[in-house]
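The values are calculated or read from the model by the stated rules, or taken from the named source; none is laboratory data. Keep in mind that this is a model prediction, so the values were computed, not measured. When we count neighbours, we look across all protein chains shown, and the Cβ atoms used for this are built from the backbone with ideal geometry, even at glycine.
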Amino acid sequence: MYRATVHVTSPMLPALTGLVAAGLAARIGGSTVRRVTAAKPFWAVGLLLYAIAAAAEAYGAATGWSAPGFRVYYLVGGCLCVAVLGLGSAFHSLPRSVALVLSGAIGAACIGATVGVLLEPVDAGLLHAARGLQPPVNNALGGHAFLWAIVLNVLGTALLVGASVTAIVRRRNVRGNVLILLGVAAVAGSGSLTRVGSYGLVFVGQIVAAALLAAGFEVSSPGRRRRAGGMLGLSEATPRQPAS
């Protein structure tokens, strides 16, 4: 049976992913300036890290991977991005005291990850083995930096998913939280697009994921709900009942 394959090799794909993510980060950041909330800065910075990781991939695909470029890609994309997005959801949905404790723990882990990624050795042979759009394998970075990546990604994903699922179960801002869950699912599932024959399609999934996450953050914005008459933090606007 004939199996169709799609081959996409242009570095413009990760570059486009970075531009889309940067534009979405600017939109969330702009709304933060108009109405400051605790969650929006983390969401904006998380999307900006998403954009930087995509830009590092574009540069590596276009010019070949170097140790500095791989460190940037691994740190912002593999370690920090999801954790920072998750902190936004923590400040959005959890009690402030809990969110502050989580921000301290994740902040310390981010510092540890940064030190580890910057100091651990990089295998030049594995960097040079990377071809096309596919980045070097994660173990191109030696030492124990991968442990920071695992911890931060697990925590960030748990916060993103847990906060959204809890809000949906409580029927609070269902639309925005469904969009966030779809964005997380798109990020997690984008790697499976390589099965159709091209790593380039991963970036299509990443663009979709960034758009879904940004839409979910926008719809979930506390400022939007406050202006609409909803309760701060989670609930959707509901029409007021006439006095009886």
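Report, by residue number, each residue of region 168-190 that is more than 18 Å from LEU87 (Cβ to Cβ) and within 13 Å of the chain's Cα centre (by Cα). Of everything in region 168-190, those that are more than 18 Å from LEU87 (Cβ to Cβ) and within 13 Å of the chain's Cα centre (by Cα) turn out to be LEU182, ALA185, ALA186, ALA188, SER190. If you go through region 112-122, how many residues are surrounded by fewer than 17 Cβ atoms within 10 Å (Cβ to Cβ) and outside any helix (DSSP H, G or I)? The qualifying residues number 2.
Within region 85-98, the presence of a residue that is modelled with pLDDT under 95, within 19 Å of the chain's Cα centre (by Cα), under 30 Å from ALA61 (Cα atoms) and aromatic (Phe, Trp, Tyr) is excluded.
Here ALA140 qualifies as surrounded by fewer than 23 Cβ atoms within 10 Å (Cβ to Cβ), of a type in the set (Gly, Ala, Ser) and touching a Leu at 6+ places or on another chain (Cβ under 8 Å).
Being buried (at least 24 other Cβ atoms within 10 Å of the Cβ) and either among the hydrophobic types (A, V, I, L, M, F, W, C) or in contact with a Gly (Cβ under 6 Å, 6 or more places away or on another chain) (or both) is true of LEU47. Is it the case that some residue within region 22-40 is more than 20 Å from ILE180 (Cα to Cα), modelled with pLDDT under 90 and of a type in the set (A, V, I, L, M)? Yes, region 22-40 contains a residue that is more than 20 Å from ILE180 (Cα to Cα), modelled with pLDDT under 90 and of a type in the set (A, V, I, L, M). On inspection, ALA83 qualifies as closer than 21 Å to PHE203 by Cα and either in contact with a helix residue (DSSP H, G or I) (Cβ under 8 Å, 6 or more places away or on another chain) or small (Gly, Ala, Ser) (or both). Take ALA54 and decide whether it is within 27 Å of ILE207 (Cβ to Cβ) and among the hydrophobic types (A, V, I, L, M, F, W, C). In short, yes. For region 47-91, a residue qualifies if it is out of contact with any Leu (no Cβ under 6 Å at 6 or more places or on another chain), among the small types (Gly, Ala, Ser) and closer than 16 Å to GLY216 by Cα, and exactly one does: GLY88. Of all the criteria given as (1) under 29 Å from GLY176 (Cβ atoms); (2) without any contact (Cβ under 8 Å) to a residue 24 or more places away in the chain; (3) of a type in the set (D, E, K, R), the one not satisfied by ASP123 is (1). Of all residue pairs spaced 6 or more apart or on separate chains, those with beta-carbon atoms under 9 Å, a first member in region 92-120 that is free of Cβ contacts under 8 Å to residues at least 24 places away in the same chain and within 24 Å of GLY216 (Cβ to Cβ) and a second member that is aromatic (Phe, Trp, Tyr) and crowded, with 17+ Cβ neighbours inside 10 Å are LEU100/PHE91; SER103/PHE42; SER103/PHE91.
GLN134 falls short on exactly one of the conditions (1) at pLDDT 80 or above; (2) within 20 Å of GLY18 (Cα to Cα); (3) part of a helix (DSSP H, G or I); (4) over 14 Å from the mean Cα position of the chain (by Cα), and that condition is (3). If you check GLY64 against the conditions, is it over 24 Å from ALA209 (Cβ atoms), among the small types (Gly, Ala, Ser) and in contact with a strand residue (DSSP E or B) (Cβ under 9 Å, 6 or more places away or on another chain)? So GLY64 fails the test. Any chance region 97-111 includes a residue that's closer than 19 Å to ALA163 by Cβ, of a type outside the set (Asp, Glu) and crowded, with 20+ Cβ neighbours inside 10 Å? Yes: one or more hits. Say whether the condition of being outside any helix (DSSP H, G or I) and in contact (Cβ under 8 Å) with a residue 24 or more places away in the chain is met by at least one residue in region 39-62. The answer is no; no qualifying residue exists.
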